[in-house]
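**Student:** My questions all concern the structure below.
Each value in this text was obtained by applying a stated rule to the coordinates, not by laboratory testing. Computed from a predicted model, the values in this text were never measured in an experiment. As a convention, Cβ positions derive from the backbone with ideal geometry for all residues, glycine included, and neighbour counts pool all protein chains shown.
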Ligand code: ATP
Ligand code: ZN
């Protein structure tokens, strides 16, 4: 029983769906139903602890969970707000739920840069990260903590500016606000503590992170197949983005042409294909890669 790896994930919200999707891509089979706190993974000895994102770092730190998936913004905030710190660190970045913690104010108002914050009030749900920023930049301003709807603060005169998460900026704009400074860039992260796992849990962890890394790598990776004259292969190999030595296969019939196949671990754009064509490549195919195990 205790040899099942327990991962704390957000039950419901902006992180939840992407966290579940990533774990499913890693081959974990589970269903999230009803109000349960624990979802049992059917095919791997893993349990998912379904909680509010703010609780995830402390669950990992105290050992209530072995791992957690949360926004880096939440991890940093919780660590800063816990007296004496917290035994929770980033194991690896997961590439989804990207957002920024920004300072924003009325687009036509008196606050246009962080210099203008002196002596003002800033509304935020991130007093820890904001307080650290103000201290490091020697700005004397008061942070007003709110639990939500921070973007309303300026219009109801609670504060002159806000410090809030931004992804597209549409919410800010809808409230007549504009961001003037980014104080933290965030994405979902896998969180662990410094505690050692039992050998059984270590095995489950090793297998899981190998799969996570495979999912992360395959996200941008493509398999490229093309035909080319032999003497163009060197130039073509140079263009293929993020690939090791491509596979070269002779083509039956035409002795001058070869087939070139390669895994490209970086983005393949239309421009890349044009460059390949200009270098002599023909019949270029770009295929998605579903899984990768290094
Ligand atoms: P909970 O009920 O779990 O406490 P919450 O309301 O605090 O949920 P969500 O709004 O679901 O949290 O956001 C969870 C995380 O998703 C954020 O901490 C952040 O890391 C990430 N995120 C990604 N895009 C955005 C965005 N546009 N706005 C806010 N958070 C975002
Ligand atoms: Zn939350």
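**Student:** Looking at the chain as a GNM with Cα springs under 10 Å, which of 114, 194, 283 has the largest mean-square fluctuation?
**Tutor:** Highest fluctuation among the options: 283.
**Student:** Within the range 245-289, find all residues whose amide N lies under 19 Å from a label point positioned 7 Å from the Cα of residue 230 along Cα-to-beta-carbon.
**Tutor:** Backbone N within reach: 246-261, 280-282.
**Student:** Oh, and also: Output the antiparallel fraction of DSSP beta bridges having both residues in the range 99-186, as a percent to the nearest 5. Could you put the intermediate results ahead of the total?
**Tutor:** Numbers: 14 of 21 bridges.
That works out to approximately 65 percent antiparallel.
**Student:** Next question, about the same structure. Treat each spin label as a single point 7 Å out from the Cα along the C-beta direction, and report the residue 108 to residue 33 distance in nm.
**Tutor:** For the pair residue 108/residue 33, the computed spacing is 5.5 nm.
**Student:** Using alpha carbons only, how many degrees (0 to 90, rounded to 10) separate the axis of helix 16-25 from the longest principal axis of the chain?
**Tutor:** Around 30 degrees separate the two axes.
**Student:** By how many nm would the segment from residue 149 to residue 282 grow when fully extended, if each residue of separation counts as 0.36 nm and the alpha-carbon distance is taken off? Present the calculation step by step, with values, prior to reporting the outcome.
**Tutor:** Details: separation 133, 0.36 × 133 = 47.88 nm, distance 5.50 nm.
Computed gain between residue 149 and residue 282 is 42.4 nm.
**Student:** Given R₀ = 41 Å, FRET efficiency for residue 24-residue 135 by Cβ-Cβ distance, to 0.05?
**Tutor:** On the way: r = 42 Å, r/R0 = 1.02.
Efficiency computed from Cβ-Cβ geometry: 0.45.
**Student:** Of the candidates 192, 121, 277, which one comes out as most mobile in a Gaussian network treatment of the chain with C-alpha springs shorter than 10 Å?
**Tutor:** Highest fluctuation among the options: 277.
**Student:** Roughly what angle does helix 127-136 make with the longest principal axis of the chain, taking Cα atoms, 0 to 90 degrees, to the nearest 10?
**Tutor:** That works out to roughly 90 degrees.
**Student:** Identify which of 209, 268, 60 has the largest mean-square fluctuation in a Gaussian network model of the chain, with springs joining Cα atoms closer than 10 Å.
**Tutor:** It is 268.
**Student:** For residue 273 and residue 87 in one chain, what is 0.36 nm times their gap in residues minus the Cα-Cα distance, to one decimal in nm?
**Tutor:** Details: separation 186, 0.36 × 186 = 66.96 nm, distance 4.73 nm.
Working it through step by step, the gained length comes to 62.2 nm.
**Student:** Still on this structure: Could you tell me which of rounded, prolate or oblate describes the range 99-186, using a ≥ b ≥ c as the square roots of the eigenvalues of the alpha-carbon gyration tensor, with rounded for a/c under 1.5 and, failing that, prolate when a/b is larger than b/c and oblate otherwise? Write out the running numbers ahead of the final one.
**Tutor:** Numbers: a/c = 1.34, a/b = 1.17, b/c = 1.15.
Here the range 99-186 falls in the rounded category.
**Student:** Right, something else. Need the full-extension length gain, residue 248 to residue 185, defined as separation in residues times 0.36 nm minus the C-alpha distance. One decimal, nm.
**Tutor:** Details: separation 63, 0.36 × 63 = 22.68 nm, distance 4.19 nm.
Full-extension gain reported as 18.5 nm.
**Student:** Shifting gears a bit: I need the shape label for the chain. Rule: rounded when a/c is under 1.5, else prolate if a/b > b/c, else oblate, with a, b, c from the alpha carbon gyration tensor. Could you put the intermediate results ahead of the total?
**Tutor:** On the way: a/c = 2.84, a/b = 1.48, b/c = 1.92.
Oblate, since a/c reaches 1.5 and b/c is not below a/b.
**Student:** While we're here: Is the range 221-288 best put as rounded, prolate or oblate by its Cα gyration tensor, with a ≥ b ≥ c the root eigenvalues, rounded for a/c under 1.5, and otherwise prolate when a/b is larger than b/c, oblate when not? Each step should come with its number before you reach the end.
**Tutor:** Working: a/c = 1.81, a/b = 1.56, b/c = 1.16.
The shape class here is prolate.
**Student:** Determine the relative contact order of the chain: mean sequence separation of Cα pairs under 8 Å and six or more apart, normalised by residue count, in whole percent. Each step should come with its number before you reach the end.
**Tutor:** On the way: 571 pairs, mean separation 52.9, N = 294.
RCO, the chain: 18 percent.
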